[in-house]
Amino acid sequence: MFAWLLTAALALAPATTDTPSQPAGLQPPPSPEQVLAIPDDLRNVLRARVVAPGGTDQQRLARLVSFMFDPDGLDMTYQHDGNYTVAEAWRTRKANCLTFTLLTIAMAREAGIDAYGQEIARTLSWYSEGDTLYFSNHVNTGIRVNQHRFSIDVASDSVLAGEPPKRIDDDRLLAIYYSNRAANLLAENKLPEAGAHMAAALRMDDGYASAWNNVGVLSLRQGRSDEAERHFLKALEVDRLHDGALMNLASLYAARGDRRKEAEFRARIERARQRNPFHYFMLAMDDEKRGNYADAAVHYRRAIKLYDGEHRFHYGLARAYLHLGSFQKAGEALRRAQAVAGRNMGERYQAKLDQLRHKGL
């Protein structure tokens, strides 16, 4: 899981989008090589359990997956802010989705398997700490074995994605790592260290919109409102629908009392929501909580129209139809949920379909 920041406490404080600089005497961020470096003790275990038995690439991949997920393997613990290097993850046995991806890629390549990062640019996930709201996106590992492609994802069942993952290069993956670490450091009020990591993120990939947005948040924390505005606008040059930058600009203009620009960006936010399946998904869930199942069905259908590939949209629609007494439609929605879900969830939906059939519905 990785994040961009939406400042919740705007501080109103050069004509270009200058990146943060490295203050003198500050410990620099780890180099890209250090981020992905495999420590010797992990390498020894990996070679013994995954590489030494030999066999085909497919067999090595199966052993690697077992090593990562079996209780007698890595035994990793999820930590939402666990943005660590590969060595730190091995030492602490803690990782978030990004760190788990870095760890998987490093180990797969060590085992002679073609591995790369994949990014899901928009997911439904956020959390808040203190005066800052964090919007989270998602990465996982892509694997290519001969003509076959696979994904390894530590959180596939808990991430709601509005689009399939896209392959990214190592520069983008490392930019995400540095930007995430910057967000952690900013939350700890370590502004110089955060700035150094943000600069590292932009050196790796200056086309990463979330990094520009996070630099804008840093500028606000330092009381430089004009500079923050330029960084947020730069983020929108890269990604015109970037939620964090749109919301930050709307809040910044509201704090300045610039009602015209505030209204402009709030209108842009609303237009973006109309194209966002998660907007309708959240509306549908709110409808369900209030017992308004007719509106819930409408909103679930709108979410599905925008993105058909999320099984929870279809399952929500099935629930709404069941409450409305539309059992045939509920069965159709459940079958569609089963079709787009992974194997484990597909089996659960099959059980629900069997229950409907048992009732003769």
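The values are calculated or read from the model by the stated rules, or taken from the named source; none is laboratory data. The structure presented is a predicted model; accordingly, all values stated were derived computationally and were not measured. With ideal geometry, Cβ positions are generated from the backbone for all residues, glycine too; neighbour counts draw on all protein chains shown.
A few comments on the model shown:
- Residue list for the range 43-81, filter: surrounded by 15 or more Cβ atoms within 10 Å (Cβ to Cβ) and either closer than 30 Å to Leu186 by Cβ or not assigned by TED's automatic domain parsing to the domain that holds Arg181 (or both): Leu74, Met76, Tyr78, Gln79, Asp81
- Helices (runs of 4 or more DSSP H) fully within the range 216-287 that include at least 2 residues being modelled with pLDDT under 90, surrounded by 18 or more Cβ atoms within 10 Å (Cβ to Cβ) and not hydroxyl-bearing (Ser, Thr, Tyr): 243-256.
- Among the residues of the range 74-104, just one is assigned to a helix (DSSP H, G or I), within 16 Å of Asn180 (Cα to Cα) and of a type in the set (Phe, Trp, Tyr), namely Phe100.
- Residues that are modelled with pLDDT of 90 or more, β-branched (Val, Ile, Thr), assigned to a helix (DSSP H, G or I) and not assigned by TED's automatic domain parsing to the domain that holds His242 do occur in the range 297-305, at least one of them.
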